[in-house]
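Values in this text are rule-based calculations from the coordinates and carry no lab data. Everything quoted here is computed from the prediction, not taken from an experiment. Every residue, glycine among them, receives a Cβ derived from its backbone with ideal geometry; neighbour counts consider all protein chains shown.
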Amino acid sequence: MSGSNAKTAAGNYFEDFRLDQEITHATPRTVTEGDASLYLALYGSRFVVNCAEPFARSMGYAKTPVDDLLAFHIVFGKTVPDVSLNAVANLGYAECRFLAPVYAGDTLSTASRVIGLKENSNGKTGTVYVRSTGINQRGETVIDYVRWVMVRKGNTDAVTPEPVVPELSDRVAPEDFALPAGLDASGFDATMSGSAHLWDDFSVGERIDHVDGMTIEEAEHMTATRLYQNTARVHFNQFSEKDGRFGRRIIYGGHIISLARAISFNGLANAFAITAINGGRHVAPCFAGDTVFAWSEVLETADTANPGIGALRLRTIATKDRSCADYPGPIDPGYDDGVILDLDYWVLMPKR
Amino acid sequence: MSGSNAKTAAGNYFEDFRLDQEITHATPRTVTEGDASLYLALYGSRFVVNCAEPFARSMGYAKTPVDDLLAFHIVFGKTVPDVSLNAVANLGYAECRFLAPVYAGDTLSTASRVIGLKENSNGKTGTVYVRSTGINQRGETVIDYVRWVMVRKGNTDAVTPEPVVPELSDRVAPEDFALPAGLDASGFDATMSGSAHLWDDFSVGERIDHVDGMTIEEAEHMTATRLYQNTARVHFNQFSEKDGRFGRRIIYGGHIISLARAISFNGLANAFAITAINGGRHVAPCFAGDTVFAWSEVLETADTANPGIGALRLRTIATKDRSCADYPGPIDPGYDDGVILDLDYWVLMPKR
Amino acid sequence: MSGSNAKTAAGNYFEDFRLDQEITHATPRTVTEGDASLYLALYGSRFVVNCAEPFARSMGYAKTPVDDLLAFHIVFGKTVPDVSLNAVANLGYAECRFLAPVYAGDTLSTASRVIGLKENSNGKTGTVYVRSTGINQRGETVIDYVRWVMVRKGNTDAVTPEPVVPELSDRVAPEDFALPAGLDASGFDATMSGSAHLWDDFSVGERIDHVDGMTIEEAEHMTATRLYQNTARVHFNQFSEKDGRFGRRIIYGGHIISLARAISFNGLANAFAITAINGGRHVAPCFAGDTVFAWSEVLETADTANPGIGALRLRTIATKDRSCADYPGPIDPGYDDGVILDLDYWVLMPKR
């Protein structure tokens, strides 16, 4: 009898990636109402479009769309075994567009293309840029985004590829939004959505403290991350993490994004969908026992071609164990203590 | 740039309520099979009508009804942002009737009317009485109940309304039960339900120790409370609660009601539905790590017009970290140590 | 008023069982997509057949089958109140066959027959052997297995039955497999399943370290065990377990089987279904906070009559707080430190 790890996935190292390489990720996934319930129970989100089927239909959705971030995390999770199993850090996101609603019953799969590679000067790691697309069972792209991660080299003597760094937009331009045809908020019922503040009521520069705080438990972030079939080991294995960099399991950054979005309901209840993510930075790691708070600033407003729907570009900052009443954020250098997330994204909101 | 909390919901203070005020609560919610699965996994309930579709249909249900208390918590949760965000205490429930089964696919919304207001002599708080109704997508009332809460004044100088205290029944009378038309237990299979003890076998004054204990974890009660979209802050935010009255997150009282009901299966397996809640008192708070036990006493029996169905009025007492073998309950003054819940309600049970 | 426990289920003691006794267990259960989502979120399983409806249909399944072990745990859970509420130990499993796929919407019930009884020489306990069958709403048997448990005597003076120990097979023979008619893996897409290693690539004696570790939290194993409606008290009640044998809640052994199976995806991604369990032993108890690892050895290979489908007989060993890089397993006497599970089973895998 012989033992070997020939059949165990070791993930890709920096030198395993090639520019323009296409990766088809494993495990297509049929999203169900069960996933939507779990998502709601994990974050307490209350955006009406994701909760009430008659409301969603009245706006032109075929049925209740699942939370945009649930779809994002499922699409993202599939890339982990191929792209970031040997990652040192998730460095950033850009050009993320939500191109079609995802409904219970849809089956999502993900493919990625390597669009940039740049070895670090230490010769031990490099940055891999991938454009990933989530596709439904009809072949429609539902999500498209770029992320870049710092990946270890498996063999530090491996040949260095020519550095290629893709040009990425600072923001998704409103003309590139892809709202569902027929989406119409002209009859939007702001009593049912929980806030009288519509698109017209928000001004660039306005800041909103979302007030509420949510403490995270180990069972919660692990349950969420498994739901997304994200296999990154640092989230699950306390036996190895006790000797790791932090001595603890690190919470999946996307869990914090979802918490911040759910917390943002208090102040942004009418931000019924995310249509694009311009960029995001996980400023500091988060651990079980931490309490997450959030605040947002309106960066920009835009109109859309759909009846009754405007867009707000928001910057949402999340903190841990620190109230956001004083709007903590970037300072020079770095960030105020306690800041864990700096997210730049576009939401859709009904107009008057 | 300016910061303000003008868009954040602050909840209502005592002086914000007006007698006969109608409040339409936000976020209608389509109940799904995912919610039912989570409910089952959170409490371990085994009442057959909520578990087995063929069994439910054989009794005349259209399909598997969700647990009555899941429907109750969802209806209740919607009232929190408007009624009890600034509550000091949830004082009581009365006249709660379950008027129609709730099925996966139904969309619930909640409206409330202020039926009483009484400022406390300290001038800092007052009691608000509301009658809340849960309504489905066809406009049918599924749940109707009164609760009263002690709410802080935002401005202690605010004008005091004339005190009005509604007259509330001690109990829902059997003639006011609203069993579904066609509900028929004459063919009830007591092997499948898990107990041979039918309505005829219970006597007024009989006490049943439900024996089993269930320890509660933080992740569980928070997941449940988010599932109900109940936003009361004391349940979720350890960062602020560490400096609060108990130094801990307080478990939603409804979570204890659901646990007590699930535990009561052992002895009351044939109590297939709750048809009314006469009153309830959360005697003491409960925290993660506490182990909940329960016992019940039969207070009254009643017949119904539906074939093969009787009703039992029960008093269920729940305790924490204390067996119920000695039937702990009210003493003068107060309650035995460890008692956390005193609930008075009517269940339906098949007759011989 | 009188108190009694006449209506509370006390479970059966050794002397309550009779040879050839038939037990119909309570609470049939309609399996839903919500159960499948929870299962996925609790274990992070990624076997494509249980995740993607189009994939499952392409192989001849009617729709996405739920994980074989989810069905097993639901069928098993129903037996606990009647068979093992007074058990000292779950001693073993044998002859477990998966006879039909279980889909969301199916209603499972369980019946058992006592096939062996043997009192222990101490006169205080005895071994009860039962053959249990899980049956769907069409009366089709979906799972059939034997387990034996050591059960306390309620009355140590009770008459001793004649000892009968059933003859049980060491393994389910390939000719006794019951693959679904029409199941066909000839078009299996190994890119979508996550591994290029098919049946032909595995050799008897080959060992695979599944590498990944998963730490278990109290909220997780209790949520899972409640989902299965398994009522064994040692899993839930810290108030009594603090004075018990281990001072802690003991994790349901089936939770470890499910974790080991999910972890085995890394190396056995194409083992798309379990068709039989030959035997299993819970070598040591597991507690919250433990991190589970697993490795597998190929014991035997077999062909099947279905197009493109072979079978592998696997032995999967799970450990806690110990990597499986050195393949810890049985030693004489007993097992290496840290081993918690020794499972012998047959999986189905596509052939080239």
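Find every distance from the label point of A:Thr156 to the corresponding label point in the other copies (7 Å from Cα along Cα→Cβ) and write them in nm, one decimal, shortest first.
Once sorted, the set of distances for A:Thr156 reads 6.7, 6.7 nm.
7 Å from Cα along Cα→Cβ at both A:Arg352 and C:Ala173: what's the point-to-point distance in nm?
According to this spin-label approximation, the distance is 8.2 nm.
What is the gain in length, in nm to one decimal, between B:Ala89 and B:Val165 on full extension, counting 0.36 nm per residue of separation less the C-alpha to C-alpha distance? Spell out each step's value before the answer.
Working: separation 76, 0.36 × 76 = 27.36 nm, distance 1.72 nm.
Net length gain for the segment: 25.6 nm.
Whole angstrom only: what separates the Cα centroid of region A:4-44 from the Cα centroid of region B:188-216?
Going from one Cα centre to the other spans 47 Å.
When we measure straight from the Cα of A:Lys7, which aspartates and glutamates land under 14 angstrom away, once same-chain ones fewer than 8 places off are left out?
Straight-distance partners of A:Lys7: C:Asp200, C:Asp201, C:Glu206, C:Asp209, C:Asp212, C:Glu297.
Show that you can apply the helix-only estimate: for chain A, add -39,500 (n - 2.57) for every DSSP H stretch of four or more residues, divide by all residues, and state [θ] at 222 nm to the nearest 500. Walk me through the intermediate numbers first.
Numbers: 8 runs with 60 residues, N = 352.
My calculation for chain A gives -4500 deg cm²/dmol from helical runs alone.
Given label points at 7 Å from Cα along Cα→Cβ, what nm distances, shortest first, separate A:Glu300 from the same residue in every other copy?
6.6, 6.6
I'd like the distance separating the alpha-carbon centroids of region C:59-126 and region A:283-320, in whole Å.
49
Looking only at other chains, what is the average number of their beta-carbon atoms within 10 angstrom of each beta-carbon in B:6-13? Don't skip to the end; give the middle numbers.
Details: counts 5, 16, 12, 8, 2, 0, 0, 0.
Other-chain Cβ atoms within 10 Å of each residue's Cβ, averaged: 5.
Taking GluC sites (Glu not before Pro) as exposed when DSSP calls them loop (any state but H, G, I, E, B) and at most 16 other Cβ atoms lie within 10 Å, what is the longest stretch of chain A free of them, the sites themselves excluded? Before the final figure, lay out the partial values.
Values: sites that count: A:Glu140, A:Glu167.
The reported range is A:168-352.
Let me confirm one metric for peptide B:227-234, namely the mean number of other chain beta-carbon atoms within 10 Å of its residues' beta-carbons. It would help to have the intermediate numbers written out before the result.
Working: counts 6, 3, 7, 1, 5, 0, 4, 0.
Mean partner-chain Cβ count within 10 Å for B:227-234: 3.
Once phi is turned into ³J(HN,Hα) by the Karplus curve 6.51 cos²θ - 1.76 cosθ + 1.60 with θ = phi - 60°, what whole-Hz value does each residue of region B:301-306 show in order, with x for glycine and proline?
10, 8, 9, 10, 7, 7
I need the calculated FRET efficiency for the pair B:Ala196 and A:Ala305, taking r as the beta carbon distance and R₀ as 51 Å, to the nearest 0.05. Could the numbers behind the result be given before it?
Details: r = 66 Å, r/R0 = 1.30.
Efficiency, rounded to the nearest 0.05: 0.15.
May I ask you to derive the FRET efficiency for C:Arg113 and C:Ala10 from their Cβ-Cβ distance with R0 = 35 Å, giving the value to the nearest 0.05?
On the way: r = 22 Å, r/R0 = 0.62.
After rounding to 0.05, the efficiency reads 0.95.
Using a 10 Å cut-off on Cβ atoms, rank the peptides B:267-274, A:243-250, A:103-110 from the highest mean neighbour count down.
So the peptides B:267-274, A:243-250, A:103-110, ranked by packing, come out B:267-274, A:103-110, A:243-250.
Taking beta carbons within 10 Å but only from partner chains, what does the mean come to for residues B:47-57?
Numbers: counts 1, 4, 0, 3, 8, 8, 8, 5, 6, 1, 0.
So the per-residue partner count for this stretch is 4.
What angle do you read, to the nearest 10 degrees and between 0 and 90, between the alpha-carbon axis of helix A:68-77 and the longest principal axis of chain A?
Between helix and principal axis, roughly 10 degrees.
Using a ≥ b ≥ c from the Cα gyration tensor of the protein assembly as shown (square roots of the eigenvalues), is it rounded, prolate or oblate, where a/c under 1.5 gives rounded and otherwise the larger of a/b and b/c decides, a/b for prolate?
Numbers: a/c = 1.69, a/b = 1.00, b/c = 1.69.
Oblate shape, in that a/c is at least 1.5 and b/c is the bigger or equal ratio.
Report, for A:Ala10, each distance to the same residue's label point in the other copies, shortest first and in nm; define the point 7 Å along Cα→Cβ.
6.2, 6.2
Kindly express, to the nearest 10 degrees and within the range 0 to 90, the angle between helix C:33-43's C-alpha long axis and the longest C-alpha principal axis of chain C.
Relative to chain C, helix C:33-43 is tipped by roughly 90 degrees.
If the elastic network links every pair of Cα atoms under 10 Å, which of B:Lys242, B:Lys153, B:Lys78 fluctuates the most in the Gaussian network model of chain B?
Judging by the Gaussian network model, the answer is B:Lys242.
Say the cut-off is 28 Å between C-alpha atoms; which of B:Lys242/B:Lys320; B:Lys78/B:Lys351; A:Lys63/C:Lys78 go over it? Please report the intermediate quantities before stating the final value.
Working: B:Lys242/B:Lys320 21 Å; B:Lys78/B:Lys351 36 Å; A:Lys63/C:Lys78 36 Å.
Beyond 28 Å between Cα atoms: B:Lys78/B:Lys351; A:Lys63/C:Lys78.
What residue among C:Ser186, C:Ser258, C:Ser240 has the largest mean-square fluctuation in a Gaussian network model of chain C, using Cα springs under 10 Å?
Checking each option, the largest mean-square fluctuation is seen for C:Ser240.
Ranking request for peptides B:341-348, A:48-55, B:325-332: highest mean number of other beta-carbon atoms within 10 Å first, then the rest in descending order.
On the way: B:341-348: 23.8, A:48-55: 22.0, B:325-332: 13.0.
Peptide ranking by packing, descending: B:341-348, A:48-55, B:325-332.
What FRET efficiency comes out for C:Ser323 versus A:Asn155 if R0 is 25 angstrom and r is the Cβ-Cβ distance? Round to the nearest 0.05. Mind showing how you got there, number by number?
Details: r = 23 Å, r/R0 = 0.92.
Rounded to the nearest 0.05, the efficiency is 0.60.
Output the 0 to 90 degree angle, nearest 10, between the alpha-carbon long axis of helix C:218-227 and the longest principal axis computed from the alpha carbons of chain C.
Tilt of helix C:218-227: around 90 degrees.
Find the all-direction average of the projected area of the Cα convex hull for region C:171-352, expressing the result in square nanometres with one decimal place. Don't jump to the answer; show the numbers that get you there.
Working: hull surface 46.0 nm².
So the mean shadow area of the Cα hull is 11.5 nm².
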